[in-house]
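This report refers to the structure that appears directly beneath it.
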Amino acid sequence: MKQVLTERDLMHVAAGSRLHVPADAIVTPAARDLATSKQIEICYQQPGSAGRVVAVAADHGGFTMKQAVIELLTELGYTVHDFGTHDTQPVDYPDFAYKVAEAISSRRCWRGIVIDGAGIGSCMAANKVPGVRAACCHDVYTARNSREHNDANVLTLGANTISLEAMRQIVTVWLSTEVGAERHRRRVEKIMEIERKFLGRT
């Protein structure tokens, strides 16, 4: 049965807060008007997100944004595996990119997100792990393209290059976009064929 959100449900919700509801929830017109007047943001969870595990990690430069990413993923209904780092003490980004990439390669997690200063180094490190297709995205267009055209399974972000609001938009679009037409799937397979040619070489 779909959840129906009424004006009465919003009476005691604090002004300026976020309210998380299922993707198929019905919001009555009166409830929507009240939410607007109280500046309450109604957040719809992504369909099918329950039970999907997203691996997350960051170096010291990305720690603060990582915490915001975890908050967003929780809001959207995803399960989060936090691989660190857990404070702002200096660490090496390849170590944390590898942890997420290995979790994706071994299929212990569904998708991965890694944050460092620019997002570039973590992308390079993650892409060394077989089966990983990491994409460094800096806006909604590149996020959607990386999923629709390249079936990216790891997203890397630069904490020094995007705002927290941009991060929210990028992550939401990246997680909700599926790989596109058959021609894109065929090209992704060619990417993976290149990888297979080098596996086993020393």
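The values are calculated or read from the model by the stated rules, or taken from the named source; none is laboratory data. Keep in mind that what you see is a predicted model, and the values were worked out from it rather than measured. Cβ placement follows ideal geometry from the backbone for every residue including glycine, while neighbour counts extend to all protein chains displayed. These accessible areas exclude ligands, DNA and RNA; they are computed on the full protein's heavy atoms, side chains included. Shrake-Rupley method; radii C 1.70, N 1.55, O 1.52, S 1.80 Å.
Please give, to one decimal in nm, the separation of the simple spin-label points placed at Leu199 and Thr36, each 7 Å out from Cα toward the Cβ.
5.4 nm
Calculate for the chain the 222 nm mean residue ellipticity that helices alone would give, adding -39,500 (n - 2.57) per DSSP H run of length 4 or more and normalising by residue count, nearest 500 deg cm²/dmol.
-12500 deg cm²/dmol
Out of the total accessible area of the chain (probe 1.4 Å, heavy atoms of protein only), what percent is carbon and sulfur?
Carbon with sulfur: 53 percent of the solvent-accessible area.
Give the long-range amide H neighbours of Arg133: residues separated by 5 or more places, or on another chain, with amide H under 5 Å away, using H modelled in the peptide plane at 1.01 Å from N.
Hits under the 5 Å cutoff: Asn153, Val154.
Could you report the chain's accessible area per residue, 1.4 Å probe, as an integer in Å²?
Numbers: 10910 Å² over 202 residues.
Counting only protein heavy atoms, the per-residue value for the chain is 54 Å².
For segment 172-202 and segment 89-106, what is the separation of their Cα centres, given in Å?
20 Å
Obtain the radius of gyration and the Kirkwood radius of segment 47-120 from its C-alpha atoms and give Rg over Rh.
0.97
When 1/r is averaged over all different Cα pairs and the result inverted, which Kirkwood radius in Å belongs to the chain?
Result for the chain stands at 18.1 Å.
Working out 0.36 nm times the residue gap between Glu182 and Thr28, then minus their Cα-Cα distance, what length gain in nm do you get to one decimal?
51.5 nm
Using a 4.7 Å Cβ cut-off, which Cys residues in the chain lack a partner cysteine?
So far as the 4.7 Å Cβ criterion goes, Cys43, Cys109, Cys137 stand without a partner in the chain.
Pulled fully out, how much extra length does the chain show between Glu75 and His138, if you take 0.36 nm times their separation in residues and subtract their Cα-Cα distance?
Computed gain between Glu75 and His138 is 20.5 nm.
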